[in-house]
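The values are calculated or read from the model by the stated rules, or taken from the named source; none is laboratory data. Predicted model, so just to flag it, every value in this text is computed and none were measured. Reconstructed Cβ throughout: ideal geometry from the backbone, glycine too, with neighbour counts over all protein chains shown. Keep in mind that these areas ignore ligands, DNA and RNA; they rest on the heavy atoms of the full protein, side chains included. Shrake-Rupley method; radii C 1.70, N 1.55, O 1.52, S 1.80 Å.
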Amino acid sequence: MIINFLPYNNEIYRKLIHSTSALIPLLYIFINFKVFICIIALALIITLCINLNYTKYLSKIYIFKKIFGHVLRPYEINHLWGSSYMLIGFFFITLLFNKYIAIPAMLITSISDSLAAVFGMKYGQIKVINNKTLEGLLAFIISAYIILFLFLNNYPILLLYFISIIAGLIELFTPTKFDNISIPIGIAVILYIISLQI
């Protein structure tokens, strides 16, 4: 049986790195689409090049092993990394949706997913599904609501709660390996559908 998670300290370190991806959507606030899509595309290409060449070549180089060796989960060794999935998701939602949808979707992926994992590992007692916990789910929903409120405060409060809960359920029911792509795309689609009704 493959263990999907790293030792606790390594997982915390991984999530700290993951949370820094919030800088990507924050950058989008200040620049236009054409510049941002070029940055995202470049970041995706670089990440995929490192990802696809890591096991065979780059893992033998000290600096790459030092940076990535302690944060890769077992199932990522010969497959796409969580960061690769995340940047693929970020690229597509940037391409398909306006920035007022893409930015909160990306922030929730970066921040809420990290908080869910940290709270789940630290305080999680009630296992739900996919080895995730109720405590982690609540951390995700609350943080997602705060992000949505900050960026979409023209939406009714109850609607923001509803979106946060749906986002939390997307994270919960998606296997850990794929939640970095399902969360941004899922939230962006929901926000787009709702924006058509408002």
If you go through region 145-164 one residue at a time, do you hit one that is touching a residue at least 24 places away in the same chain (Cβ under 8 Å), polar (S, T, N, Q) and assigned to a loop (DSSP other than H, G, I, E, B)?
no
Being within 30 Å of LEU150 (Cβ to Cβ) and either open to solvent by 30 Å² or more (accessible area, probe 1.4 Å) or assigned to a helix (DSSP H, G or I) (or both): is that true of LEU23 here?
yes
Residue under evaluation TRP81, criteria (1) over 16 Å from the mean Cα position of the chain (by Cα); (2) more than 22 Å from PRO104 (Cβ to Cβ), criterion not met
(1)
Are there any pairs with C-beta distances below 8 angstrom linking a residue in region 186-198 that is at pLDDT 95 or above to a residue that is open to solvent by 90 Å² or more (accessible area, probe 1.4 Å), with the two at least 6 apart or on different chains, and if so which?
ALA188/LEU96
Is there any pair linking a residue in region 6-35 that is modelled with pLDDT of 90 or more to one that is of a type in the set (Phe, Trp, Tyr), with Cβ under 9 Å and at least six apart or on different chains, and which?
SER21/PHE90; ILE24/PHE36; ILE24/PHE90; PRO25/PHE90; LEU27/PHE36; TYR28/PHE36
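So if I check each of ILE29, ILE12, which one is closer than 20 Å to ILE141 by Cα and surrounded by fewer than 20 Cβ atoms within 10 Å (Cβ to Cβ)? Quick ask: steps written out before the conclusion?
Numbers: ILE29 fails: closer than 20 Å to ILE141 by Cα.
Exactly one of ILE29, ILE12 is closer than 20 Å to ILE141 by Cα and surrounded by fewer than 20 Cβ atoms within 10 Å (Cβ to Cβ), namely ILE12.
Kindly indicate whether any position in region 116-130 is open to solvent by less than 40 Å² (accessible area, probe 1.4 Å) and hydroxyl-bearing (Ser, Thr, Tyr). Spell out how you get there, then give the answer.
Of all residues in region 116-130, those open to solvent by less than 40 Å² (accessible area, probe 1.4 Å) come to 116-117, 120, 124.
From what's left, hydroxyl-bearing (Ser, Thr, Tyr): none.
The answer is no, given that none of the residues of region 116-130 is open to solvent by less than 40 Å² (accessible area, probe 1.4 Å) and hydroxyl-bearing (Ser, Thr, Tyr).
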Can you confirm whether region 73-90 contains a residue that is buried (at least 18 other Cβ atoms within 10 Å of the Cβ), among the small types (Gly, Ala, Ser) and without any contact (Cβ under 8 Å) to a residue 24 or more places away in the chain?
no
I'd like the residue in region 91-100 that is open to solvent by 10 Å² or more (accessible area, probe 1.4 Å) and in a helix (DSSP H, G or I) and, out of all such residues, is farthest from ILE17 (Cα to Cα).
LEU96
Can you confirm whether region 147-156 contains a residue that is surrounded by 22 or more Cβ atoms within 10 Å (Cβ to Cβ) and under 18 Å from the mean Cα position of the chain (by Cα)?
yes
